[in-house]
Structure formats: C-alpha cells, structure tokens
C-alpha cells in the first residue's frame, strides 16, 4: 500500500460515491453539485496519472463551465428542480439490472485481458507532456484534423445554443 | 542555373497575359506597364543566355539542354524540355530585341496619353478626338479603345514565340506555333468591327491551318518512326541514317516524307507560295502586329523550324529540290507583285514574302548558315521597316485628322515629302530600306544576301542563283520606289503636309532597330572581305549547330559583283523611275495582273471556296442532312415510341403499378400500423432497448469467441 | 507508478455504469444530461489511463480526451438550450412527457 | 543547500530527517511534511490577509480624504484583529429555507479558491509551493472554483437579492474569464512556458509589461472584473441588491468572503507582478551583476515580490475607490464588444511579431513589440472616438415635437 495507492482509493471512492449521489439525490441542484465533486475527483485522477494539463482543463471546463451551465439550467427550470417527488421513473429497476449486468461483464472482460495488472513505467525524462500534447494537437501528421473539427463543432454548438435558447419574440 | 533561366524565359509574357486579362484590364497604364515589364524580363533572360552561349567554347558541341518527363508512354516517357544551341541563341537574340522594341512601340502606336475618342467603339480603329485648345478646337488621334486587350494579346504572342524558340522538341515547338497562330488570328482581327479585318483574320487562320495539319502529320510520322520528338534523339546520325534509308511511298524516303510534311507547315506559316495569300490581307491588323507577325516572330518561326529540321530535310534530294524551287519562285513572284502595290504596308508584306523566299531557297541549296544569317538580319530590318511604316501612317493620320481631308493614310501616292516632316522616321526608314535592298558593305542585308548568292552560285544551283538575283534587283527597285514616293518630292496631299513626327515611344525603338539593321551584318563578314583578319564569327558560331561545321564557299567574284549590281542598279532604277511620279496614273507598272496579285485570291475562291460552299449547301445540307440523317433519326424515334406504348400498356400498368408499387405500399402501410406501437417517443425507452440489444450481442460475440 | 492499470479500468467501468443508470432512470432531462457527463468522464479516464500505461510519448490518449472535452461542452450547451426552450413552451422537463415525436 | 539560499527544501530536508528519526515510514513522513507545508502556506497567506485588511482600510481612507483606523495600536495596526474578534463573536445566522450544507460550504470554498492560488505563487526563486507546467491555467481553474462558490452562496441563501447578485457575478466572471484567458496566452507566448516560475525567469531581461502594455491593461481590467470589485462590483451593488450574494451571511462566514476578496485582490496584484513585472526578479539583468548579487537572496526576492504585488494591489484599490459602478448591460457589452476583440488582436499581434522580430537584435525586438502595442492602442482609441462621435450625433438630432410643446408651455 503506497501513498499513491491510498490517494487513488480515496479519490476513486469519492468519485464513485459522488456519482451515485448524482444519480440518486432528489434535489437536482445538489445532483449538479455532486457532479462537480465527482468531476473534481476525476481531475485528481488525471493529476495522479501525471496529465497535469488535462487535470486543470477538467476543472476549468467541467466545474468552470459545464457545472455552472447545469446549475443555471436547474435554476431556470426551478419549478421542476424543486419538486420533492421521486425523481426516478417507475421501472427504475431495469436500469439497475442493466447497469450491474454491464458492470460485471466489463469487469470480467477487463480482468481477462493479459497484462492488465501491470503498473506504469516512469515517464521518459525530458518529456514535457503539455508541449507534446500541444504538438500532437496542431501538427498535421497528428491530430490537427480532429482538433479542428472539434473546434468547428464547438462553434456550431455555440450558435445553435444561442439560437435555441433565445426566447422567440412574438 | 542557365537552364533555369531558359525554362523561365517564356513565363513572364504569359503571366502578363493573365494578369492583364483577369485583373488590370481597366487600367491602361498598368496594363502596358506589366506587358513591357514582362517583355523586359524575357529580354534580360535572353541576353544572359545569349552572352553565356557566346562565352562558351565549342558551344555547338555542348549546348544548354534540360528535359523533364512529361507523359508516361508505356515503359518510356515522352520528354519535353528546353534547348539552346547556337541557332537558338541567335534567334533568341533578335526575337528578344524586336519583341521588346515592338512592345514599347505599341504604347505610342495606340496613342497612349491621348484623350478618349468622340465616337470610338471597341473593335474599330480610333477615329480621333476633338480637343479644345486655347479657343480653337481641333481633332487629335484618340486612344485605342481596347488598349489593354492589345497588350494582353501581344504578350501571349510573345509567350508563344519564346516557347517555340527554346523548346527542344517538336511537340512544344508545335504548341508555341499554334499559340502564335491563335494570336495572329486574334490580332489581325483586332479591329473586328471592320469586315475586312474579320475576313483577313479568318483567311490567315484557315490558310496557316492547312500547313499546320500537314505539319502535325509530319510530327506524328516522326514520333511513330523514331519514338521520340526531341531534336537530340531525332538528329542522331544512326537515326538519320535509318530515316534516310527507309523507303516510304512516292519513291521518297521516310526522311523525305517527313521533311516535306514539316516543310508544308513552314510554307503555311512563312507564307510561301502557294499558301502566301493570307499575309498581305493580314495587314488589316494594327501595324505593330504586322511587324510582330511578319517580321520578328511568326513568319520567322516558320523559317526557324525549317532551319531547325535541316539535318532531316537535307537527307532527301527531292525534298531539297522542292524547297529550293518554292523558295526561289516565291522570292521572285512576290517581288514582282510588290512592285505594283500602292499601300505602304502591302509593299512591305510582299517584300517579306519574297525575303522569306530567299531564306527558304538558301536552305534549299544547303546554305544553312546563310539562311540563318538572312533570317536574323531580315528580322531586324523588316521589323524596323514595318514600325517605320506604322510611324509614317501615324504621322499621316495625324495630318488627316488635322486637316479633316478624307484620304487613305496608307496610300503612298497620298504621301511625299515626309522626310522634312518626320526626320527620324525618314532616316531609320532609309537605313531599313538600304538594308532590305542590300546596299553594299554598310548594311546587314548586303552581307546576308551576298552569303546566299555565294552559296547558291558556289553549290552550282545556277537557276536558283539567277532567279534570286532578279528578285534582289526587284527588291531594291520597289524599296527605292517606296522611299521615293513616301519621303522625297513634295507632299501630294494637305494631310501629307501636316504630317508630324511621332512620339518618342515610337521613334526610340526605330533608332534601336536601325542600329541593329546596320550592325548585325558585320558579325557575318566573309573572310574574303576582312582578309581573314576577323574570322566569319557568325558562320563559325551557327555552323557549330550542325554535326560538322559546313566549310565556307570559296570566294568568287561573280556573286559579289551580282549582288553589288542588283542592289545599286535596283536602287538607281527606282530613283529614276519614281522621282517625278505624283499620281498612280503616271506609274507604268500598275498593270492589272500585278495589282491583282496574279488573281490568286480569285483562283482560290473559284477552286476551293465556292465548291466547298456548294457542297455544304447543295449536298450536305439538302441531301445528306435533311434526307438521310433526319430520316434515320425519325424512324428511330417512331420505333421507340411504339415500343414505349407497348411497354406502358402491357407491362408497366398491370405489373409494376398494380402489383409492385401499390402492393409494396399496402404492405408497408400494414406493417407500419402494426409496428408503430413500438415508437413511444420516449428517449429512455429507446435507450434501454438499444442497450439491451447491444449487450446481448456483445455477450453472444464474447462467448462465441471463447467457443472458438 | 504503483497502481495497476486494472484499477483505473474498473473504476471507469463503474463510473460508466452509474452514469448509465442515471441516464436510464432519471425522469428529469437535466439529470439525464448529468448522467451523460458521468459516462463521458468514464471514457476519458480510460483514454488517459491507456495513454499513461501504453506509451506516454504517443499523445493519442490525451489528444482525444481533449476532444471529448470539447464534445461534452458542446453537447451540454446544446442540450441545456434545448431543455430550456422546451421548458419555455411546455412547462416541463420530464423526458417522458416530451413525446411529440411519437406516432 | 543552506537555509539562506533554499529555505523550503532545507526545512523539508530537516523535518524529513527528524520524522524518519522517529521511525515513521517514509511515506507517512512525506505526507506529513506536505500537510505541514500546506498549513504553513495557508497561515502565511492568512496573516498577510490580516495585514491587508489594515492596508485596505487605510488606503480607502486616504482616497476618501479620511484618516482611517488610527485608534487601536500604532497607526491602528491592531484594528484588523479587533475586526476579526468582532466577526467571530457575532451571531452566526443560517436563514430558514436555506440549503444548509451548500450555504455553509460556500464561504469556505470561496476562501479556498483564493488560497489554492498561493500553491503556485513563487515568492522567491526557491520559495514556492509547486511549479506546475500549467500554472496559468491553474489560475483560471481557481477562478472557476470561485464562481462556483459564489453561485452556491447566492442560490442557497434562498434570497432573491442573493440570487440576483450571484447571477450577475457569475455572468460577469464567466464573460471576463475569456479576455483573461486570451491575455494569459501572451506571457505564455513570450516566455514559451505556462509555468509561473518560468515566466518570472523569462523576464529577467525585459518586463513583459514593456513588451505588451496592452496585455497588462486588459489583464488588469479583467482581473478587477474577476474580483468583482468596483467598477464591476454589481454582485454587491448596495443601491440595487443590498449586498448581493453574501447578503444573508453574518459573522465569520461573511468574514471568509471578505478575507477571500481581499486576499484575491492581493493575489491578483501578485500575478500582475509575476506576469508583467518580473515577479521576484527582473531588474533588467541587474541581478546578474556581482555587485547586486544580494538581490538573489530568497528573502530579498520575497520582499521585492511583495512590494511589486502591493503595487498591483494598490492600483486595483485605486481603481476601486475612484471609478463609479457601471450598469450590467454596459459591462457585458464592454467585455464582448470591446475587450474580447481587442485582446484577440493583441494576441495575434504578439504571436506574429514575436516570431518575426525574434531574429532582430534585442533592442529592436523590444522596440517593435512596444511600438506595435502603442499603435494598436492608438487605433482602438481612434475607433472608439469615432464611434462615440457618431452616437452623439445620432442623439443630438433635435426633436421638433418636444420643441413645440415647450413653446406651448
């Protein structure tokens, strides 16, 4: 049990617990806040994986933007958010079964993969992951195309969101 | 490095063409700026290449050549590339100079800087503009309406010429050749408002086309025979041997056939008899164009090609005889016509034809170097003469506009006494004329012609020699006639009296060309004159193009004497005959046969044009088209109509519609109304279903994989 | 360094399933989107873990994680915009009640 | 490695020795040391914060032509302590209908979002928490946390003013985050790194404030907006929404927000110093001279840094106490229609020129960068002026109707 493992287990527990709260709590705003917690935990995981950039971006994007968006949405649709009735559909047990089924399946699959128990080797010295990521994202022989496509998608989403969300003036 | 320059030589004019056509055609100054700049660039490049070429030792042995793979032809490649050997170098030299001069000249010729015309239309010559100068109004020449277009066209023309000159193979040579054909069409018909211009353009195009078709045949023959089009491969000794030894039909060897076919191309391009008819009419175009087409580039291109394929041409004696005959005949024949022309440009046109005849004839008598030499000198002084005539016409037009008197500004009988009015034009014209008529020792023409005479005589073609001598005499004669009528004596019209010298953009090129018209001859002085002090540089240099330099002919006093006599005699006669003449009536040589160019146009009209029209109207249109073809089409149509009906009634309606189409529709409807229960419109319901299915399949796959 | 790859994968799988449950079981459209976010993050964890454990010099994992970020952001923006405009018109954001698209 | 040139590591090394001497497992020892370090860092920040309270009040007073606190202690130095005691002993109210947990977490989160910034704040070349290679993004991330805290506070107080304040603040922060992020790219470009220390060292020759003054200006503006201080203090506009998102908070919970804001302001002063004024170093190469070697002693550097940060902080205060509040639509328009485009222009300009001019000799490079910024600034001002003129013209069209009515009256 090294310190790292301890940290990982704590974080993992946090992530999963928060995720469970997200899908179970009745108060939607709390659900959103729990989402924040869970995602923060994921950011910590990234940090443990030495993906600093992703860790920070995770915080910026998810907590700084997406979570805030959610909270706004919840507040704007307050009436629903505040109603204290059951938030789950009547046949909630189907998803439970489905989820457990898939989980077991996945775990079996994962553990059946050879070499999955191995631990990571140290990062090659002198590898600046941020720089490497930047290079990979913009160099033509790497992922510049998906990157650009994603940016176009963002733009489209932006325009679409603005258009859809603006109250039509009659 | 040099190869790069050579590759890039033709490029600037082409770029200029596109730039002007696409972008700057609104702005006149910018357009001609671009055009001239492009010409200047090509000029610069050509000079660099030329100097490098001259600097190289034994240049004929190691020429500048580079080629790239162009078309994959099965295993091998069809290569295109550039080649500069001594011949190309000298041609490049005069092409660059004349083109540049003509470009500059065109600025002035198209009245740059003059006001817009009162009622000028695109497609017509400028008619002059009324300007109001301190009180009294008077008419001045107006700017060309299609100014930018003109420069675009001549730029493209220059591109074609450079391409043709530097290309190392028949293909690109032919490309440049055709581009020039197109440009000549566009430029002769530049003032497309005039019917005469339109007809001339079409005539030029069609006539040269005849030659080009044969040339294309020749090229095809060459390729099919040698499997290559580059001169290097074709002119290899063993290849030439094979060509010469292979008999083709008509008792001619393959070389002979190819030579003839290609030579017909030359005949068309260089307006040799019997395809000479287009050139005089081509004078309808603007004068710089005439200079361009008829002196510097296009017609020279024909001769250049002939000289270029000389190694091939000279293989077959019959071919050479044909060449010699056509050349010498054209020389004399055109000269006789030129004597009777009154249009200043027409005279020059016919003199061009006859001079080209000289070159062809020279080639025909194996006078390789002499032909090339005359090509160069002629390009200079004929360009000079054309530009001069343009300048004269311009001056006359100025007078016409000034006086408002309606006279033909090109008719020499309306001129006279212009030497005082336009001194620069006069002197340069005089130099050009002297060069043309081969005024002894000083002028370039003398040396080149003398070389031809010497070769013709030395190689024992006496007939050719005599004919050419006669032609030379006539040349001198009509040149003097022209000079006398135009410049000496008194002005015969008010217009002539009010003619004025043209702008510097026109006179400057004249002076430059005049210098060459004199100077370029001296590089080819034969040994007997210089007493061997200076070697015959031109002979050595250009002769180096061939596998072995042809030895200079021994000195013989007969040809020299002849050329002296014909030149001086012709000039003298011309002067005596015309110094007093003031009206066409007094001209004793205005006999109809000559004036009407031996009725060649009429003969052609009778032999080819009318029959063609008759066939088109009577046979093809009436019978072939309307009866046979239409009949076939109509019957086809009827048949398919009938077929369509049959299908519709017995197949489409019952089977397709009833059964397949409607049946499918009903079935789908039924199944749809059954299935629609599934579509609850609830996303999560959908998701559950899809995921369940996904999982099931995943598991099946997984276990199957295990099973394997 | 001392954590086996399998831990990350299992964690990711669990997170994924939790998100799936949320997506499938919640009434509220916004809550469904929350679940989707969880699933996306599960995927990201996998991506990054594989990047770290396979070949860190080969940035594919991180690059695609970044792209997943972008996609997630876009998805949330549009989704919430839709939900809000639906809410304006129909005064409900219960997914089952938004069933105009059915027969 | 002596205490004087590398205090943090020295102490850490020493502690490690001690703890392992007590037969603690190495893992636990390292963890413990990290915890201690964090605590020390927080304590330092907080003590500094107490000082800031005093500074703030004094400066306000001077700006408002008052004396400020001067009763307790020399120059009222003890005043902040009194404030704290007051806050601690005040009644701690949690309003009915408030969302208890969230309500209580919010202030902590608010303060945390500031304190985490200190993790990457290098007081000196060897005194710093961590040297992240994504330091600048870290600033933005912390800002995101702050936003979250505020919206939590505003929502959970179950009070419409609070909610309005939170909404305003969030819209404000989110929109001003964009120019800030864009501007943060400029030091990144100039220093070729996002690590805060790296940026500091990159400025040993020349301050980025000189290479790109416009960036400094924009960063200052967006920082003020991020802080939600005047003229962007709509979140707590007393005249409109009483006290904004922390209207319901009393006692130490309010204290957290207050302290957080002050520390935030100072921290941003620090970041201005780091990003544009060379942080702890950066005397135009002066410290490289042997005569000025003492400038490289960590504690001197720390003092220098705090002085520079104080300067930034002072500028922020200056703005706060001399510029009136602006309307929210104006504020957003100012951001979207002016600040974002301008910052984009500056970014592109910097990126291009930096690549082009880098070949030139150093002084030309600096001159070019500076000049280009001046030019852009001038053009912008001209455009604005023209626009303003147009608007004024549009407004000054006399309305004949009104005129006649006047005459009638």
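The values are calculated or read from the model by the stated rules, or taken from the named source; none is laboratory data. These figures come from a predicted structure and were not determined experimentally. In this analysis, Cβ positions are derived from the backbone assuming ideal geometry, glycine residues included, and neighbour counts consider all displayed protein chains.
Annotations
- Residue satisfying condition, being closer than 23 Å to residue D:129 by Cβ, surrounded by 14 or more Cβ atoms within 10 Å (Cβ to Cβ) and free of Cβ contacts under 8 Å to residues at least 12 places away in the same chain, within set D:52, D:43, D:31: D:31
- Inter-residue pairs, beta-carbon under 9 Å, first in a loop (DSSP other than H, G, I, E, B) and in the range D:88-100, second loosely packed, with under 14 Cβ neighbours inside 10 Å, 6+ apart: D:94/D:100
- Every residue from the range D:152-193 that is over 21 Å from residue D:262 (Cβ atoms), buried (at least 24 other Cβ atoms within 10 Å of the Cβ) and within 11 Å of another protein chain (Cβ to nearest Cβ): D:155, D:156
- Single unsatisfied condition, residue B:601 versus (1) free of Cβ contacts under 8 Å to residues at least 24 places away in the same chain; (2) away from chain C (no Cβ under 14 Å): (1)
- The range A:1-31: number of residues that are within 7 Å of chain C (Cβ to nearest Cβ) and assigned to a helix (DSSP H, G or I): 12
- Counted residues, the range B:339-378 - those being assigned to a helix (DSSP H, G or I) and more than 22 Å from residue B:315 (Cβ to Cβ): 21
- Screening residue D:81 with (1) within 26 Å of residue A:51 (Cα to Cα); (2) surrounded by fewer than 17 Cβ atoms within 10 Å (Cβ to Cβ); (3) at pLDDT 85 or above gives one miss only, at (1).
- Meets criteria (surrounded by fewer than 22 Cβ atoms within 10 Å (Cβ to Cβ), modelled with pLDDT under 90 and at negative phi) for residue B:211: no
- A single entry from B:314, B:328 fulfils the requirement of being buried (at least 24 other Cβ atoms within 10 Å of the Cβ) and either more than 20 Å from the chain's Cα centre (by Cα) or not assigned by TED's automatic domain parsing to the domain that holds residue B:589 (or both): B:328.
- With respect to the stated conditions, residue D:222 fails to be part of a helix (DSSP H, G or I) and surrounded by fewer than 21 Cβ atoms within 10 Å (Cβ to Cβ).
- Residue among D:391, D:301, D:396 that alone is under 30 Å from residue D:52 (Cα atoms) and either over 23 Å from the mean Cα position of the chain (by Cα) or in contact (Cβ under 8 Å) with a residue 12 or more places away in the chain (or both): D:301
- Looking only at residues in the range A:52-90 that are at pLDDT below 75 and out of contact with any strand residue (DSSP E or B) (no Cβ under 9 Å at 6 or more places or on another chain), the one that is farthest from the other protein chains (Cβ to nearest Cβ) is A:84.
- Counted residues, the range C:76-103 - those being more than 7 Å from every other protein chain (Cβ to nearest Cβ), in a helix (DSSP H, G or I), farther than 13 Å from residue A:164 by Cβ and in contact (Cβ under 8 Å) with a residue 40 or more places away in the chain: 0
- Some residue of the range A:125-135 being at pLDDT 80 or above, closer than 29 Å to residue C:83 by Cβ and either more than 8 Å from chain C (Cβ to nearest Cβ) or within 25 Å of the chain's Cα centre (by Cα) (or both): no
- Pairing each residue of the range B:696-708 that is facing another protein chain (nearest Cβ under 10 Å) with any residue that is in a helix (DSSP H, G or I) and at pLDDT 80 or above, provided the two are 6+ apart or on different chains, yields C-beta distances under 8 Å for B:698/A:105; B:699/A:105; B:702/A:105; B:702/A:109.
- Enumerated helices (runs of 4 or more DSSP H) restricted to the range B:567-675, each holding at least 2 residues that are within 30 Å of residue B:488 (Cβ to Cβ): B:592-595
- Qualifying residue in the range C:37-60 (condition: in contact with a strand residue (DSSP E or B) (Cβ under 9 Å, 6 or more places away or on another chain), more than 14 Å from chain B (Cβ to nearest Cβ), surrounded by fewer than 24 Cβ atoms within 10 Å (Cβ to Cβ) and touching a residue at least 40 places away in the same chain (Cβ under 8 Å)): yes
- For the range B:669-687, the criterion of being more than 14 Å from chain C (Cβ to nearest Cβ) and out of contact with any helix residue (DSSP H, G or I) (no Cβ under 7 Å at 6 or more places or on another chain) is satisfied by at least one residue.
- Residue match in the range A:125-147 (condition: assigned to a helix (DSSP H, G or I), farther than 23 Å from residue D:189 by Cβ and out of contact with any strand residue (DSSP E or B) (no Cβ under 7 Å at 6 or more places or on another chain)): yes
- Where residue B:452 falls short, out of the listed (1) out of contact with any strand residue (DSSP E or B) (no Cβ under 9 Å at 6 or more places or on another chain); (2) surrounded by fewer than 24 Cβ atoms within 10 Å (Cβ to Cβ); (3) part of a helix (DSSP H, G or I): (2)
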